[in-house]
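Just so it is clear, none of the values below were taken in a lab; they were calculated from the coordinates. Predicted model only: the values in this text are computed from it and were never measured. Every residue, glycine as well, gets a Cβ built from its backbone with ideal geometry; the counts of neighbours run over all protein chains shown.
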Amino acid sequence: MEIDVLTLFPAMFSPLRESVVGRAIKRGLVTVRTWNIRDFATDRHRTVDDAPYGGGGGMVMMPQPVFAACEAAKAASHTPVDAVILLSPQGRLFCQSVAWELSKSSRLILICGHYEGFDERIRTQLATDEISIGDYVLTGGELPAMVVIDAVVRLIPGVLGNEDSPRDDSFASGLLEYPQYTRPREFRGEAVPEVLLSGNHEAIRRWRRKESLRRTLARRPDLLEKAELTPEDLALLRELKEEER
Ligand code: 4G1
């Protein structure tokens, strides 16, 4: 997969050279190119922002440097671009299913915003998609772009050490993870639950499923509504509700 990132702060992307994504880049499974939007400004001061028509204060990212950076990025490879993605608080909410969708791409262009956001023509003429990582105020789209890259790259076949497909983590089953323990058996007065030491694989499987349901019910009831629950899950949920009384 090839990923071109258009940004005013290319140095913010150096952490991608570490860890799993870094290894994927070194192994040639992923190419990440960063493009400094400021390099495509045409005036002496390399201006990339301007005041909004209609007033109201704040600054807006000018279309011309962003379009020029995008055209340069496109010309850097013959691989057809599958999506030009604007990172913006107005985008569709990023989640694991969007990560899976994007992981099937050969080539993505990500555009990071700054100031008060983008001139609308960037949205109407350049972007094919708009994604938000969540509802909070940030100083720029760089961290969201890195979140998207991290979530997408680990789903590319061969990126995770084991050659089989990535374990779907909690969100595939739609539930939160069960509690996990490693050695020692007792740490600072807290023991590992007996069932995990029992060697009874059926009892362990059932305990884990019940704890997943317990945690999801307590912390993320919204996930339970969407999860595909088996008859066993419904029985375990009834047990949990019994325990509450
Ligand atoms: C209004 C959050 C503004 C922010 C309402 C998630 C946030 C990009 C994202 C903002 C950004 C809310 C994102 C806000 C983001 C231009 C420069 C937009 C940074 C900018 C809830 C500032 N996912 N935010 N505005 O944060 O780019 O992708």
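Some observations on this one:
- Degrees separating the helix 63-75 axis from the principal Cα axis of the chain, which is the longest one: 70
- For residue 62, distant residues with modelled amide H under 5 Å away: 49, 50
- The chain: calculated mean residue ellipticity at 222 nm from DSSP helix runs of at least 4, using -39500 (n - 2.57): -10500 deg cm²/dmol
- Amide H to amide H distances under 5 Å link residue 31 with 2, 3, where only residues 5 or more positions off or on other chains count and H is placed in the peptide plane.
- Dipole of the chain, positive direction: furthest Cα of 137, 8, 22, with charges on the beta-carbon: 22
- Overall, the chain carries a charge dipole of about 620 debye about its Cα centre when +1 sits on the Cβ of Lys and Arg and -1 on the Cβ of Asp and Glu, all other atoms neutral.
- Dipole of segment 23-63 computed with +1 at Lys/Arg Cβ and -1 at Asp/Glu Cβ about the Cα centre; of 53, 36, 63, farthest Cα towards the positive end is 36.
- For residue 130, nonlocal amide neighbours, meaning residues 5 or more places apart or on other chains whose placed amide H falls under 5 Å from its own, are 86, 92.
- Helix 201-219 axis, angle to the chain major axis (alpha carbon atoms, nearest 10°): 50
- Principal-axis tilt of helix 142-153 within the chain, Cα atoms, nearest 10 degrees: 60
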